[in-house]
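Undergrad: My structure is below; once you've seen it, I'll send some questions.
The values are calculated or read from the model by the stated rules, or taken from the named source; none is laboratory data. Quantities reported herein were computed from a predicted structural model and do not represent experimental measurements. Backbone-built Cβ (ideal geometry, glycine too); neighbour counts: all protein chains shown. Just the protein is used for accessible areas: all its heavy atoms, side chains included, with ligands, DNA and RNA removed. Shrake-Rupley method; radii C 1.70, N 1.55, O 1.52, S 1.80 Å.
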Amino acid sequence: MITVFGSKKNTFRIPWETFIGYGLLLPSMLIFLVFYYVPGVFLAYISFFHWNIFSSDSTFVGLGNFRILFNQPLFWRSLLNSLYYAVVMVPASTMLSLGIALLLREGIHLKRGAVVRSMVFLPHVTPIVATSIIWLWLFDPQFGLFNSVLGYFHFPQPGWLGSTHWAMPSVMIYSLWHSVGLYTVLFLGALTTLPRSVLEAAKVDGAKKWYLFRRVILPLVSPVTFLVIVLSTIDSLQSFSQIYTLTGGPHGGAGGPAFSTTTDSILIYQTAFLYQHFSLASAMSLILFILILALTLMQKWIADRLVFYR
Amino acid sequence: MEALQFHHISKKFGAQSVLSDINFSVTQGEFLVVIGPSGCGKSTILRMIAGLEHPTEGSIKLGHRNAQDLTPGERNVGMVFQNYALYPHLNVYENLAFALKAARMPKFQIQNRIQKVAEIIELQGMLRKKPGELSGGQKQRVALGRALVREPYIFLLDEPLSNLDAILREKMRIDLRRIHDETQISTIYVTHDQVEAMTMADRILVMHNGKIHQIGTPEEIYNRPSTLFVARFFGSPAMNAAQIVLQIQNHQWIFSSLHHEQVISLDPKILSTYIQQENYPTELWIGFRPETVQEGIGMGISFNVTVTQMEKLGSRTHVHVKWGNDIFVYLLRHDDALPRIGDVIEISIPYSELHFFDKNQNRIELHKKEIKEINQSLRFEEENFSEAN
């Protein structure tokens, strides 16, 4: 017999596992609390004030900050820029990464396949600011690699980051380069776990490449497609570092030329840290947050009807 | 007409040889069962017919078409995979329609075909269900239907019943054979289950280590196995086998065990064709099925054995006995008197039930005439013996 502390009458015993469970959760809960939830709630709070971080004469203004924003053309411009960026980036990165993953799968058995796969993933692990600076040189209208190559073949040479038309596409090209590796790896994972016999059954059933892709592969990787679409939507609406570095950096003028790359996050940064309007920036962040949340919920709603979960 | 022919097919995966020099053919409407232990290359044969693997050497003919010139889709084979391989995101109807849609068949025709197949394999109630909602047996039927609905030139089944429970397996065995008899589609059925092979096949192809050991009707396979492997693969409990040596001492034939001191009395005439060859190896295998063993001295060969173990199975009992180091098994009916463990008894097997295999485990053919002669002379001796008393 083993003697146990506590009597049998004690019916309010919390199982030991529960303690361990919450104990293990505690560190991450603390981190999220301190760095995400408390600042998040605080942000929502000050977006209803005229807030001054240097003194205590902050006044409650209700929806005043939002009224200011809605009457401000630059705010609308930044929203449009953000949407433009997301609307291009989400389908482009999803399709591009799926395409690359399909190609990589063909060579999955090759000896150097692992090397190629790592090379595709590599851009994603590089620091955005550092590689952006390299791409600044690639995009340089006079001395950059892109225009040298285009010039050699007598193609028209765009002004890239210096042109109001081309500045945003330039940022997108860099962002695709940086983000596609991650999504490719996700897709490749999904493709390699496709049941082999199902693909073989389709082959025996006479499915040609496109039919096989459309009717079997695409539906079976749809959970990952959904994940990639959600991740890239969030990522593109939050993009900041590459836009900041590529379009002006610390020397001012980020978001240029002529506000053509001023996205929401750039405007939030500038409002808060350049013009010290913290409550306005907070209001903008809140709007951006609600926008992302709404988009994600909408995507989830669509996905529940389209995605096939095994 | 030949529906399928394999000509000198070999297959290597890298340096590993999976199949070597495989030759066989299937006639139109035949049900051929390919059987062998895991890894013997039987699935590879099926996958080659479907076009999922390509032979390293040799050629495959589907009717009079060269299989090598055809993609898997063009071969018009209906294949049932071991794990069913249904399209998990499509419902049963869409699963059945998949190949027909890929072939751009008109919609009404697809509906007709599916209707017809759904009746044959009793799928009507579940056409709108997804594979995830079906039981193993239902999935199995859908996989069957998907292959049938194309009205394939040839039907390939890769261990289709191995994931089902015993009762369902028995039912599906009968259903499969019925479907074959109704449709008359040439069928190649891969299994490692000897009962499936014996009950369903027109002919059986036995494989071991990438080679064909025997092709024949179930009766031929069972009664005249061409190698010791085939002999021991079919039948449960497996055929008893022991290695023996032929020797001549004082102009007398002696048959003794290769591994121990025991001797058997055996009329050398039974092996006369073998003995007539020059330089025949003196080591050979003797085999007999458990159900042919009689207790006591009978007409034929007899062994002095010790009972070591008994397995009671209700309707019958498996008696394990030891002959030197060799273990034999024989059967007793439930109402037979059982020996006790440790008993030393005599068992005998009629000459007509003996099988002999040479050193390389290939069958040595005995002639009926010889066996008859021996039996007659034995009967004569017996009669003389009883008259003398």
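Undergrad: Show which lysines lie in cross-link reach of B:Lys322 when reach means a straight Cα distance below 20 angstrom and same-chain residues fewer than eight apart are skipped.
TA: Here the lysines satisfying the reach criterion relative to B:Lys322 are B:Lys312.
Undergrad: Quick check on chain A: helices-only [θ] at 222 nm, where DSSP H runs of length 4 and up contribute -39,500 (n - 2.57) each and the sum goes over total residues. Nearest 500, please.
TA: -20500 deg cm²/dmol
Undergrad: Cα atoms only: what Rg and Dmax, in Å, come out for the range A:221-310?
TA: Considering the range A:221-310 through its Cα atoms, Rg and Dmax are 16.3, 51 Å.
Undergrad: Here's a follow-up. Before I look further, what does chain B give for accessible area per residue, probe 1.4 Å, in whole square angstrom?
TA: 48
Undergrad: Across peptide A:215-223, how many C-beta atoms of other chains are within 10 Å of each residue C-beta, on average?
TA: 2
Undergrad: Please work out, to two decimal places, the log10 of the ratio I(q)/I(0) at q = 0.17, 0.33 Å⁻¹ from a Debye calculation in which every Cα of the range A:45-90 carries one identical scatterer.
TA: Rounded to two decimals, the profile gives -0.64, -1.04.
Undergrad: Mind checking how much accessible area A and B bury in total, 1.4 Å probe, in Å² rounded to 100?
TA: When A and B are taken together, about 1800 Å² of accessible area is lost.
Undergrad: Using C-alpha positions alone, give me the convex hull volume of the range B:98-163 per residue in cubic angstrom.
TA: Per-residue hull volume (Cα only) is 99 Å³.
Undergrad: Could I get the Rg over Rh figure for the range A:143-250? Both from C-alpha atoms, Rh via Kirkwood, rounded to two places.
TA: Working: Rg = 19.8 Å, Rh = 17.2 Å.
Rg/Rh: 1.15.
Undergrad: How many percent of Cα pairs in chain B exceed 39 Å?
TA: Counting every Cα pair in chain B, those more than 39 Å apart make up 34 percent.
Undergrad: Less than 15 Å Cβ to Cβ from B:Asn362, Lys/Arg counted +1 and Asp/Glu -1: what total charge do the surrounding residues give?
TA: For residues surrounding B:Asn362, the net value is +2.
Undergrad: Counting heavy atoms of the protein chains only and a 1.4 Å probe, report the per residue accessible area for the range A:70-306 as a whole number of Å². Write out the running numbers ahead of the final one.
TA: Details: 12150 Å² over 237 residues.
For the range A:70-306, the per-residue accessible area is 51 Å².
Undergrad: Grab the other residues whose beta carbon is less than 13 angstrom from that of B:Met172, score K and R as +1, D and E as -1, and report the net.
TA: After counting each charged neighbour, the total is 0.
Undergrad: Something else: In sequence order, what are the phi-derived ³J(HN,Hα) couplings for the range B:252-257 according to the Karplus relation 6.51 cos²θ - 1.76 cosθ + 1.60 with θ = phi - 60°, rounded to whole Hz, with x for glycine and proline?
TA: Once rounded to whole Hz, the list reads 10, 6, 10, 10, 10, 5.
Undergrad: Here is a further query. Could you work out, residue by residue across B:81-89, how many beta carbons of other chains sit within 10 Å of that residue's beta carbon, and then give the average as an integer? Write out the running numbers ahead of the final one.
TA: Details: counts 7, 1, 4, 3, 9, 4, 10, 8, 11.
The mean count of partner-chain Cβ atoms within 10 Å per residue comes to 6.
Undergrad: For the protein assembly as shown, give the percent of accessible area contributed by carbon and sulfur heavy atoms, probe 1.4 Å, rounded to a whole number.
TA: Of the solvent-accessible surface of the protein assembly as shown, carbon and sulfur hold 60 percent.
Undergrad: What are the membrane-span-like helices in chain A by this rule: whole DSSP H runs, Cα extent along the axis at least 18 Å, mean Kyte-Doolittle hydropathy at least 1.0?
TA: Details: long enough: A:16-32 (25 Å, 1.30); A:73-106 (50 Å, 1.07); A:113-125 (19 Å, 1.28); A:167-192 (37 Å, 1.28); A:222-238 (24 Å, 1.38); A:278-306 (41 Å, 1.57).
Both cut-offs are met by A:16-32, A:73-106, A:113-125, A:167-192, A:222-238, A:278-306.
Undergrad: Which number comes out as Rg/Rh for the range A:70-306 once both Rg and the Kirkwood Rh are worked out on C-alpha atoms?
TA: 1.03
Undergrad: Compute the angle between helix B:136-148 and the longest alpha-carbon principal axis of chain B, please, reported from 0 to 90 degrees and rounded to the nearest 10.
TA: 70
Undergrad: Report, in cubic angstrom per residue, the convex hull volume of the C-alpha atoms of the protein assembly as shown.
TA: Value for the protein assembly as shown: 332 Å³ per residue.
Undergrad: Could I ask something else about it? Throw me the Rg/Rh for the range A:1-127, computed over C-alpha atoms with Kirkwood Rh, two decimals. Could you put the intermediate results ahead of the total?
TA: Details: Rg = 27.3 Å, Rh = 22.1 Å.
A ratio of 1.23.
Undergrad: For peptide B:143-155, compute the average count of partner chain beta-carbon atoms within 10 Å of each residue's beta-carbon.
TA: 1
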